[in-house]
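All remarks here apply to the structure that follows.
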2 protein chains.
Amino acid sequence: MAEAHDMLFRTLADPTRRALFERLCREGEKTVGALTAQAGVSQPVVSKHLALLKQAGLVRDRHEGRQTHYSAQLDALAPLVDWTSQMAGFWQSRFDRLEDLLKRMDQ
Amino acid sequence: MAEAHDMLFRTLADPTRRALFERLCREGEKTVGALTAQAGVSQPVVSKHLALLKQAGLVRDRHEGRQTHYSAQLDALAPLVDWTSQMAGFWQSRFDRLEDLLKRMDQ
DNA sequence: CGGCAATATATGTTTATCCGTCTATATATC
DNA sequence: GATATATAGACGGATAAACATATATTGCCG
């Protein structure tokens, strides 16, 4: 049962990796070189993190000449939103049932 | 810069721990014993995970006699929602700026 | 063609973190 | 004294992050 949530949480749990993703969200498409310049880690490491982000569907790559441009793929956050609202939903429905119960007890 | 996001993502990244939280969301308040019975791991491990969840603000505990009841604390998911919408917001604003630019170029 | 630039990928290694076990033990509470 | 939970220790194993380095690939350019 290793679902999408699992990979998402795991992928975003690493600070270096999440920082890369955040930068792509803030600043839009960036080349590996540009990302490496401010990532504080070596280029191979950046490439590896980008590969993982891509595997999780969080980024897309676009080749242009000898450069690769990466950009955030926001749709990939949907499972995260779903999960969150599902959790909130469970809570809410339990709350509703409680309210319901109290209402019936009141009568 | 180890913010709330960091702890949240890290805490929810572990499947066992996330499963505990999900169960508390779905089924409401549970004792450690009840959680242990279906967690597939030993009681000390369950207690440790609960302690981490509590540290992240994701659960609350309530002592009743010799039992401890845990319940999900949904407010703790707020930073997660904030982060997500922030990322979406960055994306959106970049999109807006692009639209703006195109509009001006059109004139 | 030759060579440099940008990136991906593979290696070997080190280090660190984390999860789990089992086994206490401390602390309440019943 | 038995029960429920928390906490701690020693331990093993898995995972993962980082380094450094090397190399393969591809594209650009002279």
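See the values below:
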{"quantity": "When residues of the range A:18-33 are limited to those that are touching a residue at least 24 places away in the same chain (Cβ under 8 Å) and within 10 Å of chain B (Cβ to nearest Cβ), the one most open to solvent (accessible area, probe 1.4 Å)", "calculated": "A:29"}
{"quantity": "Residue check for residue A:6: touching a Phe, Trp or Tyr at 6+ places or on another chain (Cβ under 8 Å) and either open to solvent by less than 40 Å² (accessible area, probe 1.4 Å) or within 14 Å of DNA strand D (Cβ to nearest atom) (or both)", "calculated": "no"}
{"quantity": "Subset of the range A:42-54 (residues that are open to solvent by 50 Å² or more (accessible area, probe 1.4 Å) and within 22 Å of residue B:18 (Cβ to Cβ))", "calculated": "A:52"}
{"quantity": "In the range A:55-100, the residues that are away from DNA strand C (no atom under 14 Å from the Cβ), of a type in the set (Phe, Trp, Tyr) and surrounded by 14 or more Cβ atoms within 10 Å (Cβ to Cβ)", "calculated": "A:83, A:90, A:91"}
{"quantity": "Only one of A:53, A:77 that is among the aliphatic types (A, V, I, L, M) and facing chain B (nearest Cβ under 10 Å)", "calculated": "A:77"}
{"quantity": "Qualifying residue in the range A:34-41 (condition: at the interface with another protein chain (Cβ under 9 Å from one of its Cβ atoms) and buried (at least 16 other Cβ atoms within 10 Å of the Cβ))", "calculated": "no"}
{"quantity": "Any hit, the range A:92-100, residues being modelled with pLDDT of 95 or more, in a helix (DSSP H, G or I), out of contact with any Phe, Trp or Tyr (no Cβ under 7 Å at 6 or more places or on another chain) and farther than 19 Å from residue B:89 by Cβ", "calculated": "no"}
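Per-residue answers, yes or no, for (1) among the β-branched types (Val, Ile, Thr); (2) closer than 30 Å to residue A:26 by Cα:
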{"position": "B:25", "(1), (2)": "no, no"}
{"position": "B:34", "(1), (2)": "no, no"}
{"position": "B:37", "(1), (2)": "no, no"}
{"position": "B:43", "(1), (2)": "no, no"}
{"position": "B:51", "(1), (2)": "no, no"}
{"position": "B:68", "(1), (2)": "yes, no"}
{"position": "B:85", "(1), (2)": "no, yes"}
{"position": "B:88", "(1), (2)": "no, yes"}
{"position": "B:97", "(1), (2)": "no, yes"}
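The values are calculated or read from the model by the stated rules, or taken from the named source; none is laboratory data. Just so we're clear, the structure is a prediction, and the values are computed from it rather than from any experiment. Neighbour counts are summed over all protein chains in view; Cβ atoms, including those assigned to glycine, are modelled from backbone coordinates with ideal geometry. The accessibility values were calculated without ligands, DNA or RNA, using every heavy atom of the protein model including side chains. Shrake-Rupley method; radii C 1.70, N 1.55, O 1.52, S 1.80 Å.
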